[in-house]
1. Any residue at all in the stretch 170-184 that's at pLDDT below 95, open to solvent by 10 Å² or more (accessible area, probe 1.4 Å) and among the charged types (D, E, K, R)?
2. Considering each residue of the stretch 61-92, count those that are touching a residue at least 24 places away in the same chain (Cβ under 8 Å), surrounded by 11 or more Cβ atoms within 10 Å (Cβ to Cβ) and farther than 25 Å from ASP130 by Cβ, and give that number.
3. Counting just the residues of the stretch 134-169 that are in a loop (DSSP other than H, G, I, E, B), touching a Cys at 6+ places or on another chain (Cβ under 8 Å) and open to solvent by less than 20 Å² (accessible area, probe 1.4 Å), which one comes out farthest from ALA56 (Cα to Cα)?
4. For PHE197, work out the one condition from (1) outside any strand (DSSP E or B); (2) surrounded by 15 or more Cβ atoms within 10 Å (Cβ to Cβ); (3) modelled with pLDDT under 95 it doesn't fulfil.
5. What's the total number of residues in the stretch 93-119 that are within 14 Å of GLY138 (Cβ to Cβ) and open to solvent by 30 Å² or more (accessible area, probe 1.4 Å)?
Amino acid sequence: MTGTRAATLAATMTALALAAGCNASHGRDDDAGAPADAGVVTDDAATGCTLPEPEAHRSAEATCRRERPAPPLAGEIPEHSECDEHADCTEGTNGRCTGGSFHGYHCSYDRCFADDDCADRGGPCLCRGDGGGVASGGANRCAAGNCRTDADCGPGGFCSPSLGDCGDYGGVQGYYCHTCEDECTDDADCADMEGIFGRGYCAYDEVVGHWRCAYDHCAG
């Protein structure tokens with residue numbers, strides 16, 4: 001083999017080795033921590049999508065106030081109630097006697113004041129009055145979910161509040177990232193069905209793992 005042919009062969013082998021190394025570095029595991037292009041959410045190693053910005057999403061963490069009002073109880077307290085006054089609620093933080101004349105009164109407590117208090121739930125700390133719904137009792141509570149802020153959903157991602165199986169009666173139950181498979185982004189994307197309980201809303205479905213239109217509602 002001449003010197004020229006040997007040098008050519010060596011150069012070719014070097015190029016092939018470099019190409020192989022480059023291809024190996026773009027596998028699913030090695031590239032997991034690499035930033036994606038701005039505005040693109042990648043849901044697997046080969047495909048991605050540009051997500052529309054939802055009307056409601058959480059761009060930053062928030063801290064709840066530690067003071068909780070103790071409003072006077074209205075009307076007669078039913079016998080099946082757990083409490084008769086706020087002073088009966090001593091098993092947690094900021095205990096308050098809440099409820100109504102039909103279902104009775106029960107104790108509710110602030111479960112959190114910041115997102116770090118909700119490490120076991122996956123979602124953020126929801127401050128009282130923040131989409132709590134009728135069933136929340138006006139207390140700070142930890143939400144379920146897979147994100148706390150948009151940053152948890154990757155570059156170009158959005159972390160949005162989702163109602164649960166009882167619709168707006170139960171209020172926000174969790175915060176979830178939007179995905180490339182979503183069937184809706186906002187409530188306006190969901191057509192209403194006939195009747196008051198046919199109001200459509202966009203919610204995260206844990207069974208299918210993405211957002212879709214729902215029509216479940218509760219009353220009480």
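1. no
2. Final tally of qualifying residues: 3.
3. ASN140
4. (2)
5. Summing the residues that are within 14 Å of GLY138 (Cβ to Cβ) and open to solvent by 30 Å² or more (accessible area, probe 1.4 Å) in the stretch 93-119 gives 6.
The values are calculated or read from the model by the stated rules, or taken from the named source; none is laboratory data. Quick caveat, the model's predicted, so the values are computed rather than measured. Here Cβ is always computed from backbone atoms with ideal geometry, including for glycine, and neighbour counts include all displayed protein chains. Calculation scope for accessible area: heavy atoms of the full protein, side chains included, ligands and nucleic acids excluded. Shrake-Rupley method; radii C 1.70, N 1.55, O 1.52, S 1.80 Å.
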